[in-house]
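Down below is the structure, laid out as structure tokens.
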Amino acid sequence: MDRSRSWRNVGLTAVGLAAAGFALRVAGLVGAADGVAEVADADPQQRLPVIRRLVREGPPAGRPELLRRFAELDGGEGLATELLLATIDLDPAGADAMLEAYRGLFPDSPFLSTWTIEARLKQGRVDEAVQIHREAAAKVSDEVVRRGLLDQFTRQMADAGRAPEAYAAVETRDAEYVFRLLAGRLEPGAGYGPERLKPEEASTLRALVAAHEARIGRSPSVVYHLGRADEGEGRDEAAQGLYGEAMRALVAAGCGPGPAVDADWDRIRNRRINCLFRLGRWEQAYDECEPTKATFDRLCQLLEEAGRVDDVEKLAARHRRRAPDDPALAFWEAAVRWSRGEYAEALPLLDDYLRRAEPPRERARAAMDRKFRSLVHLGRLDEARAMVAPAAVRRWPEQALWGMIVAAKAGDEAALGLLMAEYADTRSTDGAYADEDLGPLLRDGPFAAVREKFPPPAP
């Protein structure tokens with residue numbers, strides 16, 4: 001259950017809540033045994049565990065009165081809602097009495113239907129949950145509010161493992177929206193990463209796709225998600241074929257690759273690239289997955305991660321003939337030189353890349369780091385030192401290591417010790433020992449005092 005409810009009206013501040021609890025105890029209106037004073041005195045971060053313990057250990061018959069006391073104590077729905085949700089979660093069978101008490105206290109709460117649906121799903125009364133949502137949505141004239149109820153209902157049903165039932169429950173006008181919402185919850189990394197779906201996720205997705213296709217026909221979205229199910233079940237050949245079909249359907253609908261990135265196209269293209277790469281057909285991916293520049297960058301990343309630097313070089317040469325103005329060329333040609341230890345040859349390519357306008361952030365990060373380390377490997381420490389930025393203006397975590405690398409290379413133990421202490425203030429020094437350039441220097445260099453104060457991690 002999502003606890004990040006920004007809507008919550010907590011009522012009193014933490015100080016006011018504690019003061020109210022104290023006043024009630026002095027007046028004799030609240031006894032410590034009923035838990036109200038305990039909640040009032042608790043640190044704000046500890047109130048929910050206290051409330052959940054009261055539900056587990058207290059008598060069910062006393063919960064409605066506790067709900068009333070909580071509402072009086074904080075002057076709003078906040079604590080009472082926490083108590084209701086804890087009851088639904090820990091004792092679904094006892095939720096109905098609490099829902100009735102909550103309705104009596106907050107008859108106009110916009111969340112009554114949401115909490116009731118939560119209880120019905122916990123109780124296994126799915127048909128009733130669906131009916132409650134339909135009745136609540138029918139009473140709403142504001143489309144924004146209606147869509148909010150739909151979002152919440154869809155999430156609740158999906159969390160309860162009832163995604164197909166959630167889809168079946170919605171009106172046709174909401175079918176595509178809800179289908180995408182449910183399918184998207186099954187996709188790790190929003191569908192962009194290399195991860196496959198788990199078998200149970202693929203099975204759920206296949207059921208959703210079948211229902212959606214029966215309702216609206218074989219749309220690009222249906223075909224794409226059929227591919228996701230096949231890919232999740234290890235059928236990369238079938239999946240890449242379906243992704244290709246979805247891409248052709250988008251082109252036919254006027255939604256193909258263009259100057260502006262289309263999220264659907266980009267996601268499908270990436271998934272097809274992943275499948276073709278695993279099938280050993282990266283050349284086909286380069287030929288068929290537009291836009292070429294984005295596909296080139298993605299393929300180079302996959303090849304580099306697989307340690308296939310010769311193929312990166314081969315692809316870069318091919319891409320230079322096709323798109324000689326692509327700024328990413330300089331980065332990946334530098335990556336080839338870098339991986340082979342040819343730092344002098346890598347440097348001008350990295351500088352060329354960094355001079356280009358608006359490089360992707362992650363590539364710029366890697367380019368800066370490789371430029372710095374190239375300078376260090378070439379013994380050009382003054383130039384490397386000039387790249388070291390103060391902590392206040394560092395953009396990336398690895399920049400915190402740069403000053404230590406320069407100090408260690410220069411043999412300056414005093415400077416290294418100060419920088420190591422600064423580093424240790426915010427993170428574990430294990431990261432320094434794990435760095436490919438700094439780690440060996442720390443372990444084997446003439447820095448006994450640094451190692452004594454900041455010992456290396458156990459092997």
Study note, to complete from the structure: In the set Arg385, Arg395, the lone residue that is closer than 26 Å to Glu362 by Cα, in a helix (DSSP H, G or I) and basic (Lys, Arg) is Arg385
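Looking at the structure I just gave you, is Thr204 surrounded by fewer than 14 Cβ atoms within 10 Å (Cβ to Cβ), in contact (Cβ under 8 Å) with a residue 40 or more places away in the chain, of a type outside the set (A, V, I, L, M) and within 30 Å of Glu128 (Cα to Cα)?
Numbers: surrounded by fewer than 14 Cβ atoms within 10 Å (Cβ to Cβ): no; in contact (Cβ under 8 Å) with a residue 40 or more places away in the chain: yes; of a type outside the set (A, V, I, L, M): yes; within 30 Å of Glu128 (Cα to Cα): yes.
No; evaluated as a whole, the condition is false for this residue.
Please verify whether the range 261-277 includes one or more residues that are touching an Asp or Glu at 6+ places or on another chain (Cβ under 6 Å) and modelled with pLDDT under 90. Quick ask: steps written out before the conclusion?
At the first step, the residues of the range 261-277 found to be touching an Asp or Glu at 6+ places or on another chain (Cβ under 6 Å) are 275.
Filter once more, keeping what is modelled with pLDDT under 90: none.
No; the residues of the range 261-277 include none that is touching an Asp or Glu at 6+ places or on another chain (Cβ under 6 Å) and modelled with pLDDT under 90.
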**Study point:** In the range 134-160, residue farthest from Asp264 (Cα to Cα) [restricted to those that are surrounded by fewer than 20 Cβ atoms within 10 Å (Cβ to Cβ) and in contact (Cβ under 8 Å) with a residue 40 or more places away in the chain]
**Key:** Asp159
Review point. When Gly184 is evaluated against the numbered criteria (1) within 21 Å of Ala285 (Cβ to Cβ); (2) not in a loop (DSSP other than H, G, I, E, B), which criterion, by number, is the only one it fails?
Key: (1)
**Study point:** Options Asp326, Asp266: the member that is within 17 Å of Tyr224 (Cβ to Cβ) and not small (Gly, Ala, Ser)
**Key:** Asp266
Revision key, fill the gap. Only one of Arg373, Arg365 is buried (at least 19 other Cβ atoms within 10 Å of the Cβ), basic (Lys, Arg) and assigned to a helix (DSSP H, G or I), namely Arg373
Point to revise | Failed item, numbered, when Ala238 is tested on (1) more than 30 Å from Leu181 (Cα to Cα); (2) among the small types (Gly, Ala, Ser); (3) in contact with a Gly (Cβ under 9 Å, 6 or more places away or on another chain) | key: (1)
Review point. Which of the following residues is assigned to a helix (DSSP H, G or I) and under 25 Å from the mean Cα position of the chain (by Cα): Gln152, Gln131?
Key: Gln152
Exercise for review: List the number of the failed condition for Asp325; all other conditions in (1) under 29 Å from the mean Cα position of the chain (by Cα); (2) not in a helix (DSSP H, G or I) hold.
Suggested key: (1)
Exercise for review: Test Leu121 against the criterion of being out of contact with any Asp or Glu (no Cβ under 7 Å at 6 or more places or on another chain) and either assigned to a helix (DSSP H, G or I) or under 23 Å from Gly148 (Cβ atoms) (or both), and give yes or no.
Suggested key: yes
Revision key, fill the gap. Residues of the range 386-413 being basic (Lys, Arg) and modelled with pLDDT of 95 or more, in sequence order, are Lys409
**Study point:** Positions within the range 72-117 being closer than 18 Å to Glu135 by Cα and not in a helix (DSSP H, G or I), in sequence order
**Key:** Pro107, Asp108, Ser109, Pro110, Phe111
Check your understanding: Picking from Glu245, Glu283, which residue would you name as being part of a helix (DSSP H, G or I), farther than 23 Å from Leu197 by Cα and modelled with pLDDT of 95 or more?
Key -> Glu283
Point to revise | Residues (surrounded by 23 or more Cβ atoms within 10 Å (Cβ to Cβ) and hydrophobic (A, V, I, L, M, F, W, C)) located in the range 89-117 | key: Ala95, Met98, Ile117
Practice item. Report, ordered by the first and then the second residue, all pairs with beta carbons closer than 8 Å, sequence separation of six or more or different chains, a first member in the range 268-284 that is without any contact (Cβ under 8 Å) to a residue 12 or more places away in the chain, and a second member that is surrounded by 20 or more Cβ atoms within 10 Å (Cβ to Cβ) and of a type outside the set (Val, Ile, Thr). Key: Gln284/Leu276
**Study point:** Selection within the range 406-453 - surrounded by 13 or more Cβ atoms within 10 Å (Cβ to Cβ) and either of a type in the set (Val, Ile, Thr) or not in a helix (DSSP H, G or I) (or both)
**Key:** Val406, Asp412, Thr429, Asp435, Asp437, Gly445, Phe447, Val450
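The values are calculated or read from the model by the stated rules, or taken from the named source; none is laboratory data. All values reported here derive from a predicted model rather than from experimental measurement. Neighbour counts run over all protein chains shown; Cβ positions are idealised from the backbone, glycine included.
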